[in-house]
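Since the structure comes first, as structure tokens, the remarks are kept for the end.
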Amino acid sequence: MTDAIPAAVRGPNATRDGSLITLAGVAKRYEVGPVTVTALAGVDLKVDEGEFVVVLGPSGCGKTTLLNMVGALDTPTAGTIVVGGQNITGASRKELFAFRRRTVSFIFQSFNLFPGLTARENVEFGIDASGRRARSEAADVLAEVGLGERIDHFPHQLSGGEQQRVAIARALATDNPVLLADEPTGELDFRTGAQILELLRAEAGPGRGVLVVTHNREISRVADRVIELSSGSIVSDGPPEGGRVPISELHW
Amino acid sequence: MFRIWLRWSWRDLRSRWVQVGAIALVIALGTGSYAGLSSVTVWRVQSGEQSFELTRMYDLRGRLPAGSFVDAGSLSAVLADLDHPEWIEASEERLLVPTQLDASTGDQTILVTGQIVGIDVAGDGPEVNRVLPLLGRGLTAADAGEDVILLERNFAEHYDLAAQGEVLLGGDRRIEYVGHGTTPEYFTVVTEGGGFLAQSTFAAVFTSLETAQRLSGQTGAVNDLVLTLTDDADATAAAAELRAALASVGATIMEPLDDPSYRIITEDPEGDQQLYNVFAIAIFGGAVFAAFNLTTRMVEAQRREIGIAMAIGIPPWSIAMRPLLFGLQIALLGVVFGIGVGVLIAQAMHGLLQQIQPAVPVFETPFQFQLFAIVGVIGLLVPLLAIMYPVLRAVRVNPIDAIKTTHLNARGNRFISLLHRVPLPGDTFAQLPFRNLLRSPRRAFLTILGVAAVLSVLVGIVGILDSLIRTIDRSDEELLAGAPDRIEITLDQFYPVGSPQAALVLESPVLTEAEPVIQIPGVTLLGDDAADDVDLFVTFVDLESTLWRPTVVAGAVEPGTAGIVLSSGAASDLGVGPGDMVRVRHPRRSGPTAFELVESELPVLGIHGHPFRFVAYIDIAHADLMGVEGVTNGISARPTDGEDEASVQRALFGSAGVASVQGVTATTDAIRDAMAEFTGIFRVIEGAALILALLIAFNAASISEDERARENATMLAFGIPVRTVLRMAVVESFAIGVVGTILGLGGGYLMVVWTVEVLLPQTLPDITLEATLSPASLGIVLALGIVAVAAAPLLTFRKLLRMNIPSTLRVME
């Protein structure tokens, strides 16, 4: 990408207090005819660098809406969102596009790979989007996720787990500080899902944070923090019940 | 169950109404243009037949050479001595003499060459080739010998002349005209020099035989015989008998198909119809490709629903109902629109034809129910058949394969793998459009074919126009070579070169470099059998003249060598070349105004550069070949300094013996004028073809945009700007446009070659056309085709801009 990165988006990933993501009074309401549906009702939330945070809740509780807000795919009705040091609440459309290229990366439940591109090219897409790495590093990133031998395969030639690993590699290749994952293991079997979680877990480190949205309570056991949502509000926020466990102890 | 499928297909239709509307419009233009234009063909054929019947078009005609006359009654007299006089139903003698006509009005100067047609007005007028009054009154027995004429309708209509008034004929004779009329040979005006639709430069006037004799100074003379045959007559045998009987006076025998007006009226519609067929098939082909493309993609989008239906036991034929009903509705919509388009086209063509050929007396334009019904059924069935394949294929897979989500079920193919080995330059954004194209090569190919089909129509039209223009230009280049202001003065008959009439022109102060020429129509280049004969219009000129001489493109003209210089068309039709001997049947002057028909053998000296087949030259030093040495019936000259064509016309108008004064390109100028009348229609068809290309490209882009909604949403989620996503779509469409346009150019050029080398020679055998696509047209087609197709995705901009990224990303098939 050759677009200039707006000054507001540049700079340290975290704010002065060390938080990578800050949501203050964020609300999202939809008007459906005469009825007002509240997807998020004044959410306050901070995610620090190095944290692996799982947002948990049943379907319709607002967790995906929350993720979309953080990723600037959606705009709040009220409140303020600061991600990677940038207040995106009032950002222009152009700034939001630049923000998505340089600050956040997405991993989707249904992978959303480009079927016309090989695994390597899908990863190169991520590199081209953020412009932070050399395209030659695509193979290395794929090797990191265990797909060093499958780089020239097209998505339809890969298993579901492999496709999700390509999606992760594409997200990692952007080198963006915030990784957002929406039900990343939703379409995978346990063994593959566990491998994916390993990869995501490893991404949470200095200068980086991972926010995973899921309805699978078992996944939350490997998180640093678990935020439970219900009807658009945070009902609990803290370490997993019983403490964090190694991924090897998970089962579903 | 049927109701559910119907309702569901309605919803499908509504959800894709833009694409559905676009395809219906393409089908409508295909079916409508075919039905509309074909209706016009039926009208033209029926109207032509009835018009010829109404005016009792001759079955045989005996024409004396120009400048040759015989006593009235002598031509008819030979009929009694024919082997089968009982075959003759009716006959008429006529006198046809060249003239000039000044019909200038207060606001326009109308000075043209023309012909006085003297006919028998006794009783009900001529029995053969009746002169039909179309405005004002007709000629009656009381007009015999009076200064009363009728103006030929095409000419009068062209200049919007009043129904009655006065005109000046050559010799400054003011004469009253009482109406506008026509005869079969003037339904379409074709001049001796090959100019068709020549009403702007040529005016026939009809008058009594006695008046024509008096005006031309040919008292008691005739030079033309027309006759009709009984139903049981053998026309070929009768023609042979008449030819033999009139050989002594040098008459040329014509059958209706030898008459350019008859040929154009009767055969031109059939030729045009073949062209319409090709155009309609191309347009309709584009529609079919578009319908096939949309249905294929729609069926693929419904794959999981089809799988679910199969999983719960719905029989495949029942599942196929939904997409088939969808296709049927598109086709129905297209046919309904098509009827409207057809009626509009037919009405527009009706007006145009009446404007171009106002002299055709009968113009029947009934609505062609049968034609529209057939076209409607074809319009309905062909798109339906086109969509059968993807529908049947979709319901034949295992349910589980259909239910699987895209990422598991999508299939790559060898093209992608093949392309993958080819390193493409640029980043993924530069590569994606091409990868997408080869990801679904069949779809890309169908879109390309659709674009190519309609663009071939566009190329075909501009190519035909270019070819005609190029031919006219070649004619002009040849006739004007070295003397761009050259003028030809035609005398009304043969005069000795030293006669006062010839001297008046040769020594006129408004002319310089004046040279006598001799023009002899009615010469036949004889082939192995009569069907191979080629009619020639021979001009005796000084082949070493410094004023002008024909360009010899093959062979060599040796001074003093007797022989003929032929056109490339005539030479190739007879399979002869320079040095070969040809047999020529030609008139030979046997008295001051008398000719006989004889055969001679001549060497072909060379091939000239004029594109008209009938044009032939012989050195004037060998005028004795036809007994016309020492006489002339034309002068070739240039205006003196300060004079021009118009002033020379004025100066010589009314001079004794002068029949016409015009620039040498008058014929081609008239053709150019006539073509200008068609240009508007051609531009409309060009515009329609471009719109079709745009619609097909838009359809493809719009469908792709729908299909790739999640891919696009993913890109937007990664922060790729809308303009970049759009640019990729434009590049993909551009690639389709480039390939489609190149194929369209190829297909269109083949259409041009077929039209000018196969189709047009049947109706315009005397013009040697050369398939041409001018660089300007090529550039315009390339630019418009590629730009229109490439720009099509821009129409999806709003949709892309308003995309709900989260919901699109989460959509499960």
### Query
From the list B:Leu800, B:Leu773, B:Leu764, which one is surrounded by fewer than 23 Cβ atoms within 10 Å (Cβ to Cβ), more than 29 Å from A:Phe106 (Cα to Cα) and either more than 14 Å from every other protein chain (Cβ to nearest Cβ) or hydrophobic (A, V, I, L, M, F, W, C) (or both)?
B:Leu773
### Query
Quick check, is A:Gln163 facing another protein chain (nearest Cβ under 10 Å), without any contact (Cβ under 8 Å) to a residue 12 or more places away in the chain and polar (S, T, N, Q)?
no
### Summary
Of the listed residues (B:Thr772, B:Thr714, B:Thr808), the one being farther than 29 Å from A:Pro115 by Cβ and in contact (Cβ under 8 Å) with a residue 12 or more places away in the chain is B:Thr772
### Message
Which count do you get for residues in segment B:440-477 that are within 29 Å of B:Thr295 (Cα to Cα), in contact with a Phe, Trp or Tyr (Cβ under 8 Å, 6 or more places away or on another chain) and of a type in the set (Val, Ile, Thr)?
### Response
3
## Note on the structure
The number of residues in segment A:213-252 that are hydrophobic (A, V, I, L, M, F, W, C) and under 20 Å from the mean Cα position of the chain (by Cα) is 9
### Query
If you take the residues of segment B:137-167 that are in contact (Cβ under 8 Å) with a residue 24 or more places away in the chain and under 22 Å from B:Gln649 (Cα atoms), which of them is surrounded by the fewest Cβ atoms within 10 Å (Cβ to Cβ)?
B:Tyr159
### Summary
Restricted to segment B:553-571 and to residues being buried (at least 18 other Cβ atoms within 10 Å of the Cβ) and in contact with a Pro (Cβ under 7 Å, 6 or more places away or on another chain), the residue modelled with the highest pLDDT is B:Val565
#### Entry: Which listed residue is in contact with a strand residue (DSSP E or B) (Cβ under 6 Å, 6 or more places away or on another chain), surrounded by 14 or more Cβ atoms within 10 Å (Cβ to Cβ) and more than 30 Å from B:Ala251 (Cβ to Cβ), from B:Ala514, B:Ala502
B:Ala514
### Task
Find the residue count for segment B:168-189, including only residues that are buried (at least 21 other Cβ atoms within 10 Å of the Cβ), assigned to a strand (DSSP E or B) and in contact with a Phe, Trp or Tyr (Cβ under 9 Å, 6 or more places away or on another chain).
3
### Task
Name every residue in segment B:570-600 that is in a strand (DSSP E or B), free of Cβ contacts under 8 Å to residues at least 40 places away in the same chain and closer than 14 Å to B:Asp528 by Cα, in order of residue number.
B:Met581
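Condition test on A:Arg102, is it at pLDDT 90 or above and not β-branched (Val, Ile, Thr)?
yes
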### Query
Here are B:Glu507, B:Glu515: which of them is modelled with pLDDT of 90 or more and within 23 Å of B:His586 (Cβ to Cβ)?
B:Glu515
### Query
Do we find a residue being under 18 Å from B:Thr524 (Cβ atoms), under 32 Å from the mean Cα position of the chain (by Cα) and either surrounded by 20 or more Cβ atoms within 10 Å (Cβ to Cβ) or touching a residue at least 40 places away in the same chain (Cβ under 8 Å) (or both) anywhere in segment B:234-243?
yes
### Message
Pull out all pairs, ordered by first then second residue, where Cβ-Cβ is under 6 Å, the residues are six or more apart or on different chains, the first lies in segment B:324-352 and is of a type outside the set (S, T, N, Q), and the second is not in a helix (DSSP H, G or I).
### Response
B:His350/B:Thr365
### Task
Please determine, by comparing only the residues of segment A:37-80 that are hydrophobic (A, V, I, L, M, F, W, C) and over 15 Å from the mean Cα position of the chain (by Cα), which one is farthest from A:His215 (Cα to Cα).
A:Ala78
### Summary
Inside segment B:694-714, the number of residues satisfying the requirement of being among the hydrophobic types (A, V, I, L, M, F, W, C) and either in contact with a Phe, Trp or Tyr (Cβ under 8 Å, 6 or more places away or on another chain) or within 8 Å of another protein chain (Cβ to nearest Cβ) (or both) is 2
### Summary
Note on segment B:758-782: residues under 23 Å from B:Leu449 (Cβ atoms), outside any loop (DSSP other than H, G, I, E, B) and hydrophobic (A, V, I, L, M, F, W, C) are B:Leu778, B:Ile780, B:Val781, B:Leu782
## Note on the structure
Residues of segment B:717-743 being within 14 Å of chain A (Cβ to nearest Cβ) and without any contact (Cβ under 8 Å) to a residue 60 or more places away in the chain, in sequence order, are B:Phe718, B:Gly719, B:Pro721, B:Arg723
### Message
Given (1) in contact with a His (Cβ under 9 Å, 6 or more places away or on another chain); (2) free of Cβ contacts under 8 Å to residues at least 40 places away in the same chain, identify the lone condition not met by B:Leu134.
### Response
(2)
### Query
In segment B:668-689, what count of residues is obtained for those that are crowded, with 19+ Cβ neighbours inside 10 Å and at pLDDT 75 or above?
1
## Note on the structure
By my count, strands (runs of 3 or more DSSP E) wholly in segment A:17-95 with at least 2 residues that are at positive phi are none
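Confirm whether B:Gly785 is away from chain A (no Cβ under 14 Å), in a helix (DSSP H, G or I) and crowded, with 20+ Cβ neighbours inside 10 Å.
Spelling it out, B:Gly785 is indeed away from chain A (no Cβ under 14 Å), in a helix (DSSP H, G or I) and crowded, with 20+ Cβ neighbours inside 10 Å.
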### Summary
By residue number, the members of segment A:111-153 that are more than 7 Å from chain B (Cβ to nearest Cβ), within 17 Å of the chain's Cα centre (by Cα) and more than 14 Å from B:Thr428 (Cβ to Cβ) are A:Val145
### Query
Is there any pair linking a residue in segment B:307-322 that is charged (D, E, K, R) to one that is in a helix (DSSP H, G or I), with Cβ under 8 Å and at least six apart or on different chains, and which?
B:Arg322/B:Trp5; B:Arg322/B:Trp8; B:Arg322/B:Ser9; B:Arg322/B:Asp12
### Task
With the condition kept exactly as written, say whether any residue in segment B:700-715 is surrounded by fewer than 22 Cβ atoms within 10 Å (Cβ to Cβ) and under 31 Å from the mean Cα position of the chain (by Cα).
no
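To keep it simple, each residue is scored yes or no on (1) within 14 Å of another protein chain (Cβ to nearest Cβ); (2) modelled with pLDDT of 90 or more; (3) touching a helix residue (DSSP H, G or I) at 6+ places or on another chain (Cβ under 9 Å); (4) buried (at least 16 other Cβ atoms within 10 Å of the Cβ).
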| position | (1), (2), (3), (4) |
| --- | --- |
| A:Gly18 | no, no, no, no |
| A:Glu51 | no, yes, no, yes |
| A:Leu56 | no, yes, yes, yes |
| A:Gly60 | yes, no, no, no |
| A:Met69 | yes, yes, no, yes |
| A:Leu73 | yes, no, yes, yes |
| A:Gly79 | no, yes, yes, yes |
### Query
Mind checking which residues of segment B:491-532 are under 23 Å from B:Ala616 (Cα atoms) and free of Cβ contacts under 8 Å to residues at least 24 places away in the same chain?
B:Asp528, B:Asp529, B:Ala530, B:Ala531
### Query
strands (runs of 3 or more DSSP E) wholly in segment B:44-154 with at least 2 residues that are of a type in the set (Asp, Glu) - which ones?
B:88-102
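The values are calculated or read from the model by the stated rules, or taken from the named source; none is laboratory data. Since we're looking at a predicted model, the values are computed, not measured. Reconstructed Cβ throughout: ideal geometry from the backbone, glycine too, with neighbour counts over all protein chains shown.
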